[in-house]
Amino acid sequence: MNPPIPVRLPLAFLFLSLPFSMTTATTPHATAQDLGIPVKGVSWTRLHPGQTSDGRPSLLVSMGQNNGGLFVLDVNLETGRCRQFPVAHGDSSTFPTATYRSLRTGVLYLGSAWDGHLHRFDANHPERGIEDLGLVDAAGTFGLGITESEDGAIWIGSYPGAQLSKFDPATGRFTRYGRKDETDEYIYPLAGDDGSLAGIIKFVRPHLVVIDPATGQHREAGPAVTDPSDKSQFLKFYKGTDRRLYLDSHAGKFRIDGMNLTPVTELPAPMPGIHATYKHSYQEPAEMPGGWTAHFLDDSINGVGTPRNLLLTNKNPLIPSRRLHLDWVGGGSNLHVIELGPDGRLYGSSYMPNRLFRSTLDGRTIEDLGEHTYAGGEAYSLANLDGKVYLASYPEARLSVFDPARPVRFGSTVHDNPQDLGRLDTVSYRPNALITTPDLPTEGPAKVGGRLWMGSSPDYGLRDGTLAWYDPRTGAKKSHRTVVADTSPASLLYLPEQKQILIGLSIEAGTGVKISRLQGAFALWDAVKDELVWSGDMGIDNLADVTALAPAGNGLVYALLGRGDHILSAGAPDIRPRIALIDPVKRAVVSSAWLPEEYGPLSWHGLFCLRVGPGGVVYGATGFCIFRIKPGTCDVERVWQPDQPKQRPGTVWLTAFTPNSIDVLGPIVGDKLYFATGWRLRVLTLP
């Protein structure tokens, strides 16, 4: 799995404050019903082998989830039975994004997202449970990596701001040393047993900083990656089997000696366990007392899924291996996309783990179909073509396909179902939109076959997203970078009369990059010639991100404009959500109106938050309100709005304790609008 997904958590909303006044009508008769919890998986799973104070082998497992938060398992190595220890604040301490089990004491340390606390679990004193040690740094940061220096101090690198902090287990106090880079946001620290301390900085310009553990002073040392898209440039920073720090790079091999780098000709192997910052390993066959090692056997891809089957092996070949079944209990995984499938059932994906689910419209049968891709994050978008379901997932914007008519067996070959189809290019990372176009005639006898079109933001550290297409019948594909400079496609809508694709663009860059543009954009793309026709703002001043598009009839289109928290955190100014009615042929706005202040902000991204309902009426949603638009106008009427959430003091992320937030807006089928609140699949009967 790639580094943590910052500021992209469903149920994380920032309230906007642009003044606005408007009179709206409220329809009080809409009712919402829970259909069930489609997925109960876990993420950020790591095995932590060690020993108790009396020398017995000990295996701890850390897991993250949305409903109930992170937890630790203390595994009985004879039976596989688990003692499950939940975190105290499961509403905000959801993912153990940084973990480390001390080689000296056996204590397990966990840094949690999204509240940024440090936690401790001591297998010698399980009665204490998971102890909350407090905020690692300023509110809003969370741990990326944890390491232990030779004096027993615990060092934590945090996002955002590439912050470095130290925790003293003896006193329980934190010392915060602040930023270690003025531009980049990520730091992964390691401590050598010789007293050296260093951290790798990512992702805009990856480089190494060496740190004085006595003062926290730092300086850059060694080579840097000047172009993250150039795969010949690399930095591999790790702790070796001799317990010293090493850097392998495109410019040479080095040992870290205090505040200096020493060139070396040979490098030792990395220490077993999580001591290599370039791996982000979720399980390593580290040895426990008695020669035992453990690893998962089943469907845990990069630490996400439903891992339960464990294999214990011994280095003594005369001692037989053992298979254990872990009996942990999951609470629920947030849903991330919901669409109607070709067979009339609902299909969607969950969020870390990225699992495919389907449900009957009445919710009587809900199935977790398991993995559908090697991308462990979540599917951002879903579309149907030729009776099959296609999903595009983070990371790497990987495409996968599921045929409802065939048996379920995940893999990457044509015989598998779902099938991971891989990437369309090497830049796309967050596939915000996925649509289809039909077979299209050209000027000659040939025609362009039906295609999938994907709009994505770029990889970590990069700018300019992509528009790519894929023809499932031939396997042909092509990707276009930089539709409009410093933007990424956020929404797509096919215009059949023009044979063009209307693209809504966001100022989103790759994660870790500050935005360099303040206004979003529109673009028109010729689906036959496969080229840009036009781009501009349609005459809309102060244009925010174009997060959703829907046909309005008579050749017009509704656009939902607004900012998600992932854009605000990258430096964008607040802009209240609004509705615009646009004419793509004239390339002009017909009318626009700000949404009422009481509707609240957009959900975390606002994608797919416009849906066409009965009679062609368009419905929309913010994070806490569902509304409908009077046809031919931008006048809105509130359909359903529950109470807005309250936030736990000392946190900045509004998470799973927002019981009625609208995290995913799904399809409208008849008078039923499907959506998700966190891990719950829900349906709203429209009045």
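List of remarks:
- FRET efficiency, R104 to S516 (Cβ-Cβ, R0 41 Å, nearest 0.05): 0.35
- Dmax and Rg, reported as Rg then Dmax, of the stretch 21-154 (C-alpha, Å): 19.0, 70
- Rg over Rh [alpha-carbon atoms, Kirkwood Rh] for the chain: 0.98
- Dimensions (Å) - the stretch 285-345, Cα atoms, principal axes, largest first: 56, 22, 20
- Inter-part distance where the stretch 542-606 and the stretch 63-109 are each reduced to a Cα centre, Å: 41 Å
- Cα-based shape type of the stretch 560-645, given that a ≥ b ≥ c are square roots of the gyration tensor eigenvalues and the cut on a/c is 1.5: oblate
- Once the chain from A88 to D583 is taken as fully extended at 0.36 nm per residue, the excess over their C-alpha distance is 173.0 nm.
- In this simple spin-label model, placing a label point 7 Å from the Cα along the Cα-to-Cβ direction at both E443 and D343 gives a separation of 4.5 nm.
- Mean residue ellipticity, 222 nm, helices only, the chain: the sum of -39500 (n - 2.57) across DSSP H runs of n ≥ 4, divided by residue count and rounded to 500, is 0 deg cm²/dmol.
- For the stretch 197-231, backbone nitrogen atoms closer than 15 Å to the point 7 Å from D151 Cα along Cα-to-C-beta are found at 197-198, 211-217.
- If the chain linking N309 and R219 were pulled fully straight, counting 0.36 nm for each residue of separation and taking away their Cα-Cα distance, it would gain 27.9 nm.
- Scoring 147-153, 52-58 by mean Cβ neighbours within 10 Å over their residues and listing the highest first yields 147-153, 52-58.
- Stretching the chain fully between V329 and R56 yields a gain of 95.7 nm (0.36 nm per residue, less the alpha carbon separation).
- Estimated distance in nm for a label pair at A139 and F234, the labels positioned 7 Å out from Cα along Cα-to-Cβ: 4.2 nm
- Residue order, fewest to most surrounding Cβ atoms within 10 angstrom, among M288, M259: M259, M288
- The stretch 140-279 - Debye-derived log10 I(q)/I(0), Cα point model, q = 0.09, 0.15 Å⁻¹: -0.24, -0.67
Readers should treat all values here as calculations from the given coordinates under stated rules, not as data from a laboratory. Since we're looking at a predicted model, the values are computed, not measured. No Cβ is skipped: glycine too gets one built from the backbone with ideal geometry, and neighbour counts run over all protein chains shown.
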